[in-house]
Amino acid sequence: MKLYLSKSLYILLILISLSGVVNSQVALLLGFLFTLIFTNPFIKHSQKAIHLLLKISVVGLGFGMFIKETFETSKEGLGLTFYSIILTVSIGLILTKLLKLDRKLGHLITSGTSICGGSAIAAISPVIKANGKTISLALGIVFLLNSIALFVFPAVGHLLHLSQDQFGLWCAIAIHDTSSVVGAAMGYGDEALRIATTVKLSRTLWIVPLSICSMFLFKTKGEKIKIPYFIGLFILAIVINSYGVLPTAITGNIVFISKRLLVFTLFLVGSAISIKDLKQTGFKPIALAISLWVFISVFSLIYICF
């Protein structure tokens, strides 16, 4: 009876998140509250759906962008992206050693913070041959901070009167995962969303050089490096929209549906956070993650504003 109730409620919350009644922050909170009270009855399906739906949503948002604006935005964020990644990874290596933290766990948390959250962790973990528990802990910590960022960043942005350009760039650099970057920017404005998505995806490409560096750092060989191919589809969507291949009515509907899917994805993210894993994490990994997050947030904000 309890399982039937939890399944029914979960499906109802899915329909609510898809309906447009709630925003990205509320959807994530609903998912998190559900997993606090009940056990997610579809946890394996949820975890698989998060990665697929996020890629579909991001590609769909490309149908609302144009080549010239996208290129200019990527160019604008290139310097900040480079400096933030180099500094965050360097500090992460130092803090991991000072805290006497497991090297692989520290490196995964650092990679997730410096580039793109869960995607970076998923890409780096096979390269350094991390075990399942280490991967799970790193993902749990990053997802937790992502959830907090979704609420904190818009509030700070309004408090500091950041423009949409500034806020979009700040989100893309300082928030770990693409889902939370897009979710936070979506509520701030369309221009913030465009900038955040573009810069974030260009930042994601840094997975490749970081994977190669990780291979040498941990002295592993023969492991495949995962390249985020969906970025190519995102660029293709921008090209299609820029040259008017599809009618405006169709591209507009694709963007509309993509935004709804993103809110749904954030509900799934909230419901997939493992409270058990977070309890087992301990203080040191969380201290590392928070320290890196505070650094990259403050550094990028100062860079953008001054």
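The values are calculated or read from the model by the stated rules, or taken from the named source; none is laboratory data. Since this is a predicted model, take the numbers as computed values, not measurements. Neighbour counts are summed over all protein chains in view; Cβ atoms, including those assigned to glycine, are modelled from backbone coordinates with ideal geometry. Heads up: the accessible areas ignore ligands, DNA and RNA and are worked out on the full protein's heavy atoms, side chains in. Shrake-Rupley method; radii C 1.70, N 1.55, O 1.52, S 1.80 Å.
Some points to look at:
- Test for L139: is it modelled with pLDDT under 95 and in contact with a Gly (Cβ under 9 Å, 6 or more places away or on another chain): yes
- Checking each residue in segment 69-88 for being among the charged types (D, E, K, R) and touching a residue at least 24 places away in the same chain (Cβ under 8 Å) picks out E69, E76.
- Criterion (of a type in the set (V, I, T) and over 18 Å from the mean Cα position of the chain (by Cα)) met by exactly one of I231, I304: I304
- Residue, most open to solvent (accessible area, probe 1.4 Å), within segment 232-266, restricted to residues that are without any contact (Cβ under 8 Å) to a residue 12 or more places away in the chain and among the hydroxyl-bearing types (S, T, Y): Y243
- Note on segment 42-64: residues that are more than 20 Å from D177 (Cβ to Cβ) and at pLDDT 90 or above total 2.
- Number of positions in segment 34-74 that are open to solvent by 80 Å² or more (accessible area, probe 1.4 Å) and over 23 Å from T204 (Cβ atoms): 5
- Any chance K219 is open to solvent by 50 Å² or more (accessible area, probe 1.4 Å), in a helix (DSSP H, G or I) and out of contact with any Gly (no Cβ under 8 Å at 6 or more places or on another chain): no
- Selection status of L93, aliphatic (A, V, I, L, M), modelled with pLDDT of 90 or more and either part of a loop (DSSP other than H, G, I, E, B) or within 25 Å of Q280 (Cα to Cα) (or both): yes
- For segment 175-213, a residue qualifies if it is touching a residue at least 40 places away in the same chain (Cβ under 8 Å), small (G, A, S) and crowded, with 24+ Cβ neighbours inside 10 Å, and the qualifying residues are S179, S180, G183, A184.
- Conditions (1) open to solvent by 10 Å² or more (accessible area, probe 1.4 Å); (2) modelled with pLDDT of 95 or more; (3) among the small types (G, A, S): number failed by G157: (1)
- Exactly one residue out of L61, L52, L30, L18 is without any contact (Cβ under 8 Å) to a residue 60 or more places away in the chain and aliphatic (A, V, I, L, M), and it is L52.
- Among the residues examined, L15 does not qualify as over 20 Å from the mean Cα position of the chain (by Cα), open to solvent by less than 90 Å² (accessible area, probe 1.4 Å) and farther than 22 Å from G118 by Cα.
- Considering segment 32-76, and only residues there that are among the basic types (K, R) and within 19 Å of C171 (Cβ to Cβ), the residue that is nearest to the chain's Cα centre (by Cα) turns out to be K55.
To keep it simple, each residue is scored yes or no on (1) part of a helix (DSSP H, G or I); (2) under 20 Å from Q25 (Cα atoms); (3) acidic (D, E).
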residue: I109; (1), (2), (3): yes, no, no
residue: C116; (1), (2), (3): yes, yes, no
residue: A130; (1), (2), (3): no, no, no
residue: I173; (1), (2), (3): yes, yes, no
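- Failed criterion for A130 (all others in (1) under 22 Å from A287 (Cα atoms); (2) touching a residue at least 60 places away in the same chain (Cβ under 8 Å); (3) of a type in the set (A, V, I, L, M); (4) buried (at least 17 other Cβ atoms within 10 Å of the Cβ) hold): (2)
- Hits in segment 267-306 - residues which are within 18 Å of D177 (Cα to Cα), open to solvent by less than 50 Å² (accessible area, probe 1.4 Å) and small (G, A, S): G270, S271, A272, S274, A289, S297, S300
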